Amino acid sequence: SNIGLDLAMLNNRLSVTFDVYQKKITDMLLDFPVANALGYAGNSFIPSNAGSIINKGWEFSATYRDKVGKLNYSVTANVSDVTSKVVDLRGLD
């Protein structure tokens, strides 16, 4: 899920964007150990789609655009923060 706000001010010279989001990722690719009884030598691992993680965060961006004579310029600043939490590893520690 994502919710955001976009604003343009000062005859579109200043634009501001703010977003808040949450994303759940499922079926992460994890390496599971394989028992030697299955015919694999040594410490073998098989990649498997398992586990899930939740990312929550926000992002703020501001851009100022202007023109001086024939020169066009813009300045942009970005700030963001994200927190990730592992929800399930399906038996892995």
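What follows is calculated from the coordinates using simple rules that are stated; it is not laboratory data. Quick caveat: nothing in here was measured; it's all calculated off a predicted structure. Glycine also receives a Cβ, built like all others from the backbone with ideal geometry; neighbour counts cover every protein chain displayed.
How long are the semi-axes of the equivalent ellipsoid of the chain, defined as square roots of 5 times the Cα gyration tensor eigenvalues? Whole Å, largest first.
Working: eigenvalues 472, 51, 13 Å².
Semi-axis lengths for the chain are 49, 16, 8 Å.
Could the peptides 79-87, 18-26 be put in order, highest first, of the mean number of other beta-carbon atoms found within 10 Å of their residues?
Details: 79-87: 10.3, 18-26: 13.1.
Output ranking for 79-87, 18-26: 18-26, 79-87.
Which FRET efficiency value, to the nearest 0.05, do you get for Lys24 and Ile46 by plugging their Cβ-Cβ distance into 1/(1 + (r/R0)^6) with R0 = 35 Å? Write down the numbers at each step before the final one.
Numbers: r = 24 Å, r/R0 = 0.70.
About 0.90, to the nearest 0.05.
Please list, in chain and number order, the residues 5+ apart from Phe32 or on another chain whose amide H is under 5 Å from its amide H, with Hs placed from the backbone.
Ile46, Ser48
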